[in-house]
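So the structure is just underneath, and the comments pick up after that.
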Amino acid sequence: MRRGLRRAHGKHGAFLRGPRAQRHGRDHTRLRRNRGRARVSFTIELAVRFQDIDAGGVLFFGRIYDYCHQAYEEFWGSEGIDRAHFFAGAEYLVPIAHSEADYRLPIRHGDRIQVRIDVARVGRASFTLRYRVTGSEGDLRVEASTVHAFVNRSTMRPIPIPEPLRAILLRHLLREPAPNLAT
């Protein structure tokens, strides 16, 4: 279902686009947005690449963050955000302030995995994303989280999340408490 033209107001309007073009025609990526009363999740499907596998035949541990970041980029793209805005001309940056991952089951070359993203928390100047990586049978492989902080580009000091982005994050906010990964 295509959405109509998005219109943004205020100084942050430049990074919202009109109707989304079909940008996700690659065979290895399928986008799916789950809608429900309790939460709105965002999921991508990926094929695990040979270059991401270590000598033990499983996904190199650091590569999970590549997959999570791909889901992060696709999430913003699905909301009409021009991701180039984050790098060129924006008065802020959005670095990762914290990340963690728990590996439950191995991920191997050729596996098809789904990376689900949920907004777990929206604060004044930062937000937390939770990722659930599952295999094709729905088996949980990895749980991860990242905390993203909005900072002024020149001072590197925290700033409030711009309102258009805050609205998107709040629309995707989990309605039930997010599980603690350290259990």
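Every number here is computed from the coordinates shown, using simple stated rules; none is lab data. Quick caveat: nothing in here was measured; it's all calculated off a predicted structure. Here the Cβ is made from the backbone with ideal geometry for all residues, glycine too, and neighbour counts use every protein chain on show.
Yes/no per residue for (1) closer than 22 Å to residue 156 by Cα; (2) in a loop (DSSP other than H, G, I, E, B); (3) in contact with a Ser or Thr (Cβ under 8 Å, 6 or more places away or on another chain); (4) free of Cβ contacts under 8 Å to residues at least 24 places away in the same chain:
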residue	(1), (2), (3), (4)
66	no, no, no, yes
75	no, no, no, no
102	no, no, no, no
110	no, yes, no, no
144	no, no, yes, no
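Out of 149, 125, one residue alone is under 19 Å from residue 71 (Cα atoms), touching a Pro at 6+ places or on another chain (Cβ under 7 Å) and either of a type in the set (A, V, I, L, M) or free of Cβ contacts under 8 Å to residues at least 12 places away in the same chain (or both). It is 149. Candidates in region 83-95 are the residues that are surrounded by 14 or more Cβ atoms within 10 Å (Cβ to Cβ) and not aromatic (Phe, Trp, Tyr); of these, the one that is farthest from residue 158 (Cα to Cα) is 85.
Selection of region 112-142 for residues being more than 19 Å from residue 159 (Cα to Cα) and assigned to a loop (DSSP other than H, G, I, E, B) yields 135, 136, 137, 138, 139.
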